[in-house]
Each structure stands twice: as structure tokens, then as C-alpha cells.
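The values are calculated or read from the model by the stated rules, or taken from the named source; none is laboratory data. Quick caveat, the model's predicted, so the values are computed rather than measured. Cβ placement follows ideal geometry from the backbone for every residue including glycine, while neighbour counts extend to all protein chains displayed. Heads up: the accessible areas ignore ligands, DNA and RNA and are worked out on the full protein's heavy atoms, side chains in. Shrake-Rupley method; radii C 1.70, N 1.55, O 1.52, S 1.80 Å.
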Amino acid sequence: MNGRYILPFDTSTLPVIDTDFLVIGSGSAGLRAAIEANKHGSVLLMTKSALKESSTRYAQGGIAVAMNVDDTIDFHVEDTLKAGVGICNPQAVQVMVEEGIERVAELIEWGAQFDKEGDTLGFTMEGAHQRRRVVHRGDATGIETTDALVNHLRKQKHVKVVENAFAIDIITEDETCYGVLALVHDVVHWIRAKATILAAGGLGCVYQCTSNPDVATGDGFAAAWRAGCEMMDMEFVQFHPTTLILDGAPHFLISEAVRGEGGVLVNIRGEQFMGRYHENAELAPRDVVSRAILNEMQSTGFPCVYLDVTHLSPDFIQKRFPTISRTCGHYGLDITKDLIPVRSGAHFMMGGIRTNLNAETNVSGLYACGEVACTGVHGANRLASNSLLECIVFGSRAAESAVNYARRLDQKDLERVRVQSESSHSITDSFDVECGKEKIRQLMWEDVGILKSETGLKIARDVLKEMNQVRSWSSMAAFEFQNILDVANLITQAAIIRTESRGAHFREEYPDLDDVHWKKHIVLCRDEQPRLVD
Ligand code: SIN
């Protein structure tokens, strides 16, 4: 199959590493899956960087969970469905919200220390929640969650962690997965597994401006697509309204909880503007706030707006948002006195590898969970702080499914598998992959971003097509380039097809919701025509 694998290989000549369960990715979904799978066999958890480096680590706001006294499962389900604008999978939402309570309690049991008010958990407010329901540790909930999961993982006897290992492609034969082709210590290996759990995180780095860490280059999405997985809702990329915009600083996330605690947005003229756009003002859905910010930037001709917390007590700010205060301080900004320059950045992918409630994909032996997966739980827009909840709930479920599948397999079933990819293409070392990545990021930001026009989308499609010559690659940077390119193609293709505006997907020529034609999901699969499913 043309371009099926991005590297020529023959499994019979590759060094092999055997494991019962392979987990790809060390964010909260991968860590939770590995902990669960450990009870049933050997687990190899591979991660492209360090064990603790993932999008989870950078999560600030917290974990939404219906544990507050005045909250209920029904309220949380209702808010999640409303944020998803009519296309959430209601069963997936019910599962996440219900099981989430047990999964968060378990995290606390494993050592996560979330902020308390007196003797009980403290809950913060974020956009589009009707109750205060977000548990958090200051503004560094991701670090707390990662540390608790990693500490617990280290107590598990059967988990082997391999850091700085890159999953290049998923190895399949007859639509069944047998592990991955992986770069481990610069040598291509076959990591051969009875069951593979893909928890490789997000794709923010497909865009020029993103809140995501550098590792989020869409590798899991791209490898799954090349392997024949169905990809759903790829047009729904969420842009977080507030990332830091300062010369020399990264696009550091300024948590929605800052607005939840009273922070206000002002334009360069000092005007508070969100009230003109939505009745919930600063706590309107993220897509509304992102578009409002863009509009203010365009109408004032200034490249950012400002987040103002100077009316809040300095003590409160420093105690509640120590990471944000410290990071801004590092770049010369005292947020108790200075306005914070912000604009939106790519933040979260609602779509991904289509799975059922048990994290099963259409490829046997391959499971997906966390941001790379799409159960439909977020619909067209994710509710703030539902992402870590999704990861721990479906991470655990993915492992249970993988265990049930692997039980039916014998090691001999794996040993008879031989897969070859006879790429006739020479390795393209002369292509400047960093320059290529930058070109795609700029294109996606300008033409497939917060506002999408027919003309812009078609320009993007054509430029991406031109870049998409079949090549063989030999380095991690080059594999990432190919992954960014594949994922950019999928997002653009789906965005062209959806001729309406819904949640995070906004088409200038089709600004309205069109439930009659579009209360559906777009499914893309290699070598098949796109199709619509309910
Ligand atoms: C934030 O802290 O604003 C990000 C949390 C999220 O994406 O849900």
C-alpha cells in the first residue's frame, strides 16, 4: 500500500522486544492504562521523551468531577453535553462522569494532594460549568496528577518504562496489530505485543501557536491513520483563549481558572469586551472567547488582548496561581500589578481514533485512549477540565479490553507474523524538515485555525497536497514532519467537508449550526471515501 509505512523494513531482520502489553505514551491515559495492565502480564510503556513529559504535566486548571456537595452526575453530564453542541456520545459522557468519581478518588488514594477548603476538597469554577467542580492543586494539577500516577506506576512489578523511544508505525497484518516499529536508542526495533494501547496524546504542534508541549506532534493520530484506523471528528480542534504572548516566552497557558476566579479580558484600549459577545462573559465557551479575542485584535489592530487580575488580592493570586505568577515573573511581568498579554492557541483535539466505550479501534489488538482517541465524549467542544478525567477513565478501560483480548492469544501466534514494507523510495535527507514543519504550522494557523474560510481551506489543502510526496525518512525529526503533515491533511479534509459552524469548528461562509445536515460525525479512513455516521 502506497505510503502505508514511512520506513522500509522486514520484521524478520529487526531486533525484537517482546511484551504482553505495549502502552505508547506517558500522559495520564498511558500511565493509568499501564497500571491496570500490570495486573495481568508484562507491560512495556514507551514514551518519546522523559516519563513525566506529556500534555498532562502542563495541565493547570484541574480535573472536573461531580464530587462537590451541591453537584450531581446529571449536572456534570448536562454541562458536558451542552459544551459538545449536540454531537457528544451520551453513553461515553455518562461513563466518564460516573466512573470519573472512582478514578479521582483512586488518584487521591495514590497520593495526589488536591487543594482543600478546611477538611474537604476545594473545587474551582471554569467556563460553562454550572457548579464549582474542578479539583486542583494550585495551578499545577498536571504535575500533581503525573507525580501520583508515576509514583504508583513505579510500585508495579511488571511495568518496564522505555524513555526516548519513538513509535514510528503500527505493525499490522490482516487488520490486526502486532505492536510497533520503534526507534529505541537510535536503532529501529519491532516491539512485539499481544495488545497495543495507543495513548500518545495530542497534536497542538501542528499549529504555530499552541499551549501544548513540543512532544505533541500528532504522532499517534498519524500512525493510526496509516495503519487503517477510522479517524473521527478531525475538524474539531479546540483553541484555548489565553496563552501568554511575550517576546522570547513560550505560548504558556494562562488557565481558564484565572477567569473562573474573577480575571477579566480587556483590549488595548482598556475596554472590557466579553460582555458584548456572550451572557457568560469571560466564562463563555472557549470557542466564543477565542473568536471574540480575534475580533478585538482585528478591530483594534493590535496583536493581543490582556488578562487583568490586578483587582484581586496579591496574596490570593500568588497562592492560587503560583506557577502562572512565577512564569510571568520570569519574563518581567508582575501579574498582581501588570496586565497579562494573551491570545488564543491550539489546545486540544476533540477528534481522533474512533473507539467504542471499551477503547477498541477497528484494528484488532489496538486500543486507544486519552486525547488521541475519539469516543465522541467531547463532541464539538470539550468542557474545561474534562480531559484528565477522560484519560484516567478510558485509560483504565483500554487496559481491561487489552487484557481480555490478549488472553485469547498465544505467544506462538505472534512469532509466526512476518511483515515487510518494500518502500522503493530513497531516504530523503536533503529535505529541511524543520523548515517543512514550520511551513505547515503557519499554514494551519492562518488557514485552518479559529476562523476558517472556503478559500483558506482550499489553499491549505493544495499546499499540503504538494508537500505530500511519498518519502522514506530516517530520523525522529523527519518522522514528526510526516506525522504533522498527515494530521494537517486530516484536519483540513474534515474541515472542508463540514459546511456549518459547531463548537470549535467555525466556517465563515457557514456561521450557523445546521442540525438538519450536520448532527453527524465525519469518519476518515485510508483509501476510503469520507463517510458520515450518527
Ligand atoms: C486550563 O487550565 O484552562 C486548561 C484546562 C483544560 O484545558 O481543561
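The table that follows gives values for the structure above.
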{"item": "Criterion (surrounded by fewer than 24 Cβ atoms within 10 Å (Cβ to Cβ), within 29 Å of His347 (Cα to Cα) and of a type outside the set (A, V, I, L, M)) met by exactly one of Gly111, Gly142, Gly201", "result": "Gly111"}
{"item": "Failed item, numbered, when Ala224 is tested on (1) in a helix (DSSP H, G or I); (2) within 15 Å of the ligand (Cβ to nearest atom); (3) aliphatic (A, V, I, L, M)", "result": "(2)"}
{"item": "Some residue of segment 116-125 being within 12 Å of the ligand (Cβ to nearest atom) and either more than 11 Å from Gly61 (Cβ to Cβ) or in contact with a helix residue (DSSP H, G or I) (Cβ under 8 Å, 6 or more places away or on another chain) (or both)", "result": "yes"}
{"item": "Meets criteria (out of contact with any Lys or Arg (no Cβ under 9 Å at 6 or more places or on another chain), of a type outside the set (D, E, K, R) and within 19 Å of Gln272 (Cβ to Cβ)) for Leu333", "result": "no"}
{"item": "Boolean, Val377 is among the β-branched types (Val, Ile, Thr), within 16 Å of the ligand (Cβ to nearest atom) and at pLDDT 95 or above", "result": "yes"}
{"item": "Subset of segment 137-182 (residues that are more than 16 Å from the ligand (Cβ to nearest atom), of a type in the set (S, T, N, Q) and outside any strand (DSSP E or B))", "result": "Asn151, Gln156, Asn164"}
{"item": "Filtered residue count, segment 509-534, keeping only those that are surrounded by 13 or more Cβ atoms within 10 Å (Cβ to Cβ) and part of a loop (DSSP other than H, G, I, E, B)", "result": "7"}
{"item": "Counted residues, segment 66-82 - those being within 20 Å of His347 (Cα to Cα) and surrounded by fewer than 18 Cβ atoms within 10 Å (Cβ to Cβ)", "result": "1"}
{"item": "Set Ala346, Ala368, Ala384: member being surrounded by 24 or more Cβ atoms within 10 Å (Cβ to Cβ) and at pLDDT below 95", "result": "Ala384"}
{"item": "Selection status of Pro285, within 14 Å of the ligand (Cβ to nearest atom), open to solvent by 40 Å² or more (accessible area, probe 1.4 Å) and farther than 29 Å from Leu485 by Cβ", "result": "yes"}
{"item": "Matching residues in segment 27-60 - criterion: being buried (at least 24 other Cβ atoms within 10 Å of the Cβ) and assigned to a loop (DSSP other than H, G, I, E, B)", "result": "Gly27, Thr47, Lys48, Ser54, Ser55, Ala59, Gln60"}
{"item": "Test result for Asn356, within 16 Å of the ligand (Cβ to nearest atom) and at pLDDT 95 or above", "result": "no"}
{"item": "Some residue of segment 324-340 being open to solvent by less than 60 Å² (accessible area, probe 1.4 Å) and within 23 Å of Cys391 (Cβ to Cβ)", "result": "yes"}
{"item": "Residues of segment 246-282 classified as modelled with pLDDT of 95 or more, in a loop (DSSP other than H, G, I, E, B), touching a strand residue (DSSP E or B) at 6+ places or on another chain (Cβ under 8 Å) and within 16 Å of the ligand (Cβ to nearest atom), total", "result": "2"}
{"item": "Selected residue (only one of Ile24, Ile63 is away from the ligand (no atom under 16 Å from the Cβ) and buried (at least 24 other Cβ atoms within 10 Å of the Cβ))", "result": "Ile24"}
{"item": "Listing of helices (runs of 4 or more DSSP H) fully contained in segment 347-455 that carry 2 or more residues being closer than 18 Å to Asn89 by Cβ and touching a Leu at 6+ places or on another chain (Cβ under 9 Å)", "result": "387-406"}
{"item": "From Val237, Val150, Val188, Val180, residue being open to solvent by less than 10 Å² (accessible area, probe 1.4 Å) and farther than 28 Å from Gln60 by Cα", "result": "Val180"}
{"item": "Residue ID - farthest from Thr327 (Cα to Cα), chosen from residues in segment 27-60 that are touching a helix residue (DSSP H, G or I) at 6+ places or on another chain (Cβ under 6 Å) and within 16 Å of the ligand (Cβ to nearest atom)", "result": "Ala29"}
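Yes or no, residue by residue, for (1) away from the ligand (no atom under 16 Å from the Cβ); (2) free of Cβ contacts under 8 Å to residues at least 40 places away in the same chain; (3) more than 27 Å from Tyr58 (Cα to Cα):
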residue: Pro341; (1), (2), (3): yes, no, no
residue: Ser344; (1), (2), (3): no, no, no
residue: Met350; (1), (2), (3): no, no, no
residue: Leu383; (1), (2), (3): no, no, no
residue: Val393; (1), (2), (3): no, no, no
residue: Val403; (1), (2), (3): yes, no, yes
